[in-house]
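All remarks here apply to the structure that follows.
Taken together, the values in this text are just the output of simple stated rules run on the coordinates, not laboratory data. Owing to the predicted nature of the structure, the values given are computational and were not obtained by experimental measurement. Cβ placement follows ideal geometry from the backbone for every residue including glycine, while neighbour counts extend to all protein chains displayed.
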Amino acid sequence: MRRVAATRYVTPLREGGSLPALVEADDDGLYVLKFRGAGQGPKALVAEVIVGELARALGFPVPELVLVELDAAIGRAEPDPEIQDLLLASGGLNVGVDFLPGALPFSPAAAPPPSADFAADVVWLDALATNVDRTAQNPNLLWWHGRLWLIDHGAALYFHHAADVEGGHARGRFEAVRAHVLLPYASSIGAADVRLARRVTPALLEHAVAEVPEEWLGFGDGGIYVDYLRRRLEAPRGFVEEAEDARG
Ligand SMILES: Nc1ncnc2c1ncn2[C@@H]1O[C@H](COP(=O)(O)OP(=O)(O)O)[C@@H](O)[C@H]1O
Ligand SMILES: [Mg+2]
């Protein structure tokens with residue numbers, strides 16, 4: 001991932017639960033900044049990077065992710081005390097998501113339906129990564145330049161919030177797949193599994209995890225994430241059957 005420095009706090013994005021903001025950086029780019037000091041802390045950024053880069057490597061449209069160096073002083077003109085606190089808690093490295101100007105949120109009513117295979121592939125990815133944040137209320141999919149882009153993977157890989165991160169979670173159930181916004185459009189999840197699973201090699205997982213700055217990893221290196229995803233991918237993959245059941 002590239003590294004940039006934030007030069008201007010432009011505006012908060014009120015529709016996001018984590019209060020992300022639009023910032024300008026020293027490469028003249030505009031980024032949606034996901035703050036390290038927001039509610040879930042650095043773990044949300046760890047999930048954002050690992051699942052975003054995994055999705056990109058599999059060919060899904062994902063806006064470029066960059067590491068943004070933040071000097072909390074850039075927000076001094078921002079009057080909202082909540083935002084001031086967020087900036088103060090987020091000095092140093094944060095995640096920036098390339099801003100897609102004019103992008104429209106996916107809405108089942110308004111949008112053309114996504115292709116059935118694409119929908120199945122996204123369901124498969126989110127079931128693998130235990131992403132609970134792709135629901136009708138909160139689709140985290142943006143229409144832009146004729147394609148659906150995947151954003152906001154901060155709630156994925158939620159095993160890392162548990163006290164016992166080495167527990168049996170990797171082989172546990174993922175009921176939340178039932179609420180996936182693309183499930184009603186999806187073709188066979190088993191066929192998506194045939195398309196995608198063999199491409200998620202250990203090397204690809206290691207590559208995605210290696211993008212995470214060490215300072216965000218509270219427990220050792222990123223090995224727990226590689227192990228977790230490898231265990232989820234061991235056959236028979238319960239999450240595929242579960243998603244297929246939910247589609248049923
Ligand atoms: N790269 C982007 N380009 C354009 N709009 C974005 C982008 N990323 C996020 N947004 C907008 O900001 C909102 C909040 O961002 P999101 O990453 O979903 O944060 P949160 O974790 O707070 O839900 C999104 O629902 C979307 O409307
Ligand atoms: Mg969101």
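Within 10 Å, at most 16 other Cβ atoms, and a DSSP state outside H, G, I, E, B define an exposed site. Report the longest part of the chain free of exposed trypsin sites (Lys or Arg not before Pro).
Segment 77-172 is the longest.
Please report, in debye to the nearest 20, how large the charge dipole of the range 104-247 is about its Cα centre when each Lys and Arg carries +1 at its beta carbon and each Asp and Glu carries -1 there.
Computed charge dipole of the range 104-247: roughly 500 debye.
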Seminar exercise, completed: At R0 = 45 Å the Cβ-Cβ FRET efficiency linking residue 214 and residue 110, nearest 0.05, sits at 0.60
Seminar exercise, completed: Here Rg/Rh (Cα, Kirkwood) for the chain equals 0.96
Seminar exercise, completed: Restricting to Cα pairs under 8 Å and 6 or more apart, the percent relative contact order of the range 165-248 works out to 57
Exercise. How large is the dipole of the range 151-200 about the Cα centre if only Lys and Arg carry +1 and Asp and Glu carry -1, each at its Cβ, rounded to the nearest 20 debye?
Worked result: 280
For this session: State, to one decimal in nm, how far the label point of residue 64 lies from the label point of residue 15, with both points 7 Å from Cα in the Cβ direction.
Result: 2.3
Problem set entry | Nonlocal amide H pairs with residue 165, under 5 Å, H built at 1.01 Å | none
Problem set entry | Signed unit charges on C-beta, dipole axis of the chain, positive-most listed residue 51, 93, 194 | 194
Seminar exercise, completed: Summing -39500 (n - 2.57) over every DSSP H run of at least 4 residues in the chain and dividing by its residue count gives a helix-only mean residue ellipticity at 222 nm, to the nearest 500 deg cm²/dmol, of -9000 deg cm²/dmol
Problem set entry | Charge dipole of the range 104-247 about the Cα centre (unit charges at C-beta), most positive-ward option of 110, 162, 239 | 110
Problem set entry | Cα-centre dipole for the chain with unit charges at Cβ (Lys and Arg positive, Asp and Glu negative), debye to 20 | 620
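For the range 104-247, calculate the relative contact order in percent as a whole number, restricting contacts to Cα pairs under 8 Å that are 6 or more residues apart.
33
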